[in-house]
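Heads up: the structure comes next, in structure tokens.
The values are calculated or read from the model by the stated rules, or taken from the named source; none is laboratory data. These figures come from a predicted structure and were not determined experimentally. When we count neighbours, we look across all protein chains shown, and the Cβ atoms used for this are built from the backbone with ideal geometry, even at glycine.
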Amino acid sequence: MQFIDLKAQQKKIRADVEKRIQDVLDHGRYVMGPEIVELEKKLAEFSGAAHAIGCASGTDALLLALLAKGVGPGQAILTTPFTFIATAEVISLIGAIPVFVDIDPKTFNMDPKALEKTIQAIKAGGPDIALPRSKKISTPKGIVAVDIFGQTADYDKINAIAKNHGMFVIEDAAQSFGAASNGKKACSLTQIGCTSFFPAKPLGCYGDGGMCLTSDEELAQLMRSMRVHGQGKDKYENVRIGINGRLDSIQAAVLLSKFSIFPKELELRQQAADCYENLLSQSDKIVTPYVAPGNKSAWALYTLMAKKPESRGPMLEHLKKNSIPTAVYYPKPLHLQTAFAGLGYKQGDFPIAEDCAARVFSLPMYPYISSEDQETIAEAILEF
Ligand SMILES: *Cc1c(COP(=O)(O)O)cnc(C)c1O
């Protein structure tokens, strides 16, 4: 049994992938080839955003989005502590200050109520809610919300709060491409949506890749320029500071192939999630994932919670003995990571994120997981 079986998918598309890679070898435009344009057009259409900008990774997508919004040294960007390091890393990388906001205990996404309180606390200059203790924070500039495990954050509320305070919102949709909220797709829910094509994500390539999606023409142009060293009219005119953040033609070729079966795969992921829910919802040892009304998850991960933190370790041991692979995303919230020690946060600042980090674990999830495997997994959990 595997945690994510990419081979099962490859079997279905291998001939098509090989043909598309061969096309790249034939035309020789390894960088910014025609596959990029085709992929950008298709994914923009799929997500409902007007423009798509392919780039080198999900991390670069977030970086490009922040650069395009003019984020720079000293500015406060509010985000969640319960995410992959990249979300907050890019904020620090450009000298801005990540300000963490606690999460909702059911969806694991940024809690809009905590968001409002944090903004108020910054504006009042008073610490009635945890703020970076080692940094002086002035006006909050923007928000990077994350669609953790495949479910979109509560953008109706987050966007409204942002608007009220004159802030922008970026959607970290690295885990949620293909998800939807009230019929609107991930990557079209805020001003800029950023996704990742890392192999283990719902739509993954065979290496690194990412994309920014937006319906704002000006931001799209900025991000297009910044992904190629701030290019102006041509290659040797540079009008702003940017990065080398392009997506490779071969990765775009792989993605075009995978995208042809992606809608079907989203359905299969939903079926696998439904199957787990049926098998596991009766257990008194765990809590199965909560999907908010109106939301459709992309099920990047199927993440449960042990009812008690002390039972997670023994539960995972028991599953391991039964040859069932599991993973913990994320065992240490970002405010407690050494990399962010300079912000001056401490244990207890974000009790919900800390509690979830101590209790979550993920089960094997991919479109082609068999119901037999799911039954085996559920039996092992129920007998624990
Ligand atoms: C994977 C991931 C990223 C980074 O994407 P890469 O393509 O690996 O750079 C950013 N944010 C979240 C939430 C992720 O899961």
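For this structure, a couple of remarks:
- Yes/no for Met211 being assigned to a helix (DSSP H, G or I), in contact with a Leu (Cβ under 8 Å, 6 or more places away or on another chain) and at pLDDT 95 or above: no
- Residue in segment 231-245 that is within 14 Å of the ligand (Cβ to nearest atom) and in contact with a Gly (Cβ under 9 Å, 6 or more places away or on another chain) present: yes
- Here Asn164 clears all of (1) within 29 Å of Ser257 (Cβ to Cβ); (2) away from the ligand (no atom under 16 Å from the Cβ); (3) surrounded by fewer than 23 Cβ atoms within 10 Å (Cβ to Cβ); (4) not aliphatic (A, V, I, L, M) except the condition numbered (1).
- Cross-chain or 6+ apart pairs with Cβ under 6 Å, segment 216-231 first and among the aliphatic types (A, V, I, L, M), then in a helix (DSSP H, G or I) and modelled with pLDDT of 95 or more: Leu219/Ala68; Leu222/Ala68; Met223/Leu64; Met223/Ala68; Met226/Leu64; Met226/Leu67
- Here the helices (runs of 4 or more DSSP H) wholly within segment 1-101 that include at least 2 residues being touching a strand residue (DSSP E or B) at 6+ places or on another chain (Cβ under 7 Å) and modelled with pLDDT of 95 or more are 34-47, 58-68, 86-93.
- Looking across segment 172-227, just one residue is over 15 Å from the mean Cα position of the chain (by Cα), within 12 Å of the ligand (Cβ to nearest atom) and of a type in the set (A, V, I, L, M, F, W, C), and that is Cys205.
- Failed item, numbered, when Gln347 is tested on (1) outside any loop (DSSP other than H, G, I, E, B); (2) farther than 23 Å from Ala173 by Cβ: (1)
- Residues in segment 11-42 that are under 18 Å from Pro199 (Cβ atoms) and surrounded by 14 or more Cβ atoms within 10 Å (Cβ to Cβ) were compared, and the one that is nearest to the chain's Cα centre (by Cα) is Leu39.
- Pairs with Cβ under 6 Å, 6+ apart, first in segment 273-289 and without any contact (Cβ under 8 Å) to a residue 60 or more places away in the chain, second of a type outside the set (A, V, I, L, M) and crowded, with 16+ Cβ neighbours inside 10 Å: Glu277/Thr288; Ser281/Thr288
- For the criterion of being buried (at least 16 other Cβ atoms within 10 Å of the Cβ) and more than 22 Å from the chain's Cα centre (by Cα), Gly230 passes.
- When segment 49-68 is filtered for residues that are among the small types (Gly, Ala, Ser), surrounded by 24 or more Cβ atoms within 10 Å (Cβ to Cβ) and within 13 Å of the ligand (Cβ to nearest atom), the ones remaining, listed by number, are Gly54, Gly58, Ala61, Ala65.
- Of all residues in segment 70-88, those satisfying the criterion of being more than 11 Å from the ligand (Cβ to nearest atom) and within 19 Å of Ala174 (Cα to Cα) are Ile77, Leu78, Pro81.
- Any hit, segment 116-138, residues being surrounded by 23 or more Cβ atoms within 10 Å (Cβ to Cβ), at negative phi and within 16 Å of the ligand (Cβ to nearest atom): no
- Residues of segment 222-257 classified as among the hydrophobic types (A, V, I, L, M, F, W, C), in a loop (DSSP other than H, G, I, E, B) and over 16 Å from Ala68 (Cβ atoms), total: 1
- Neighbours by Cβ (under 7 Å, 6+ apart or cross-chain): first from segment 64-84, under 19 Å from Met223 (Cβ atoms) and touching a residue at least 40 places away in the same chain (Cβ under 8 Å); second more than 16 Å from the ligand (Cβ to nearest atom) and in a loop (DSSP other than H, G, I, E, B): Val71/Ala96; Gln75/Ala96; Ile77/Val71; Ile77/Ala96
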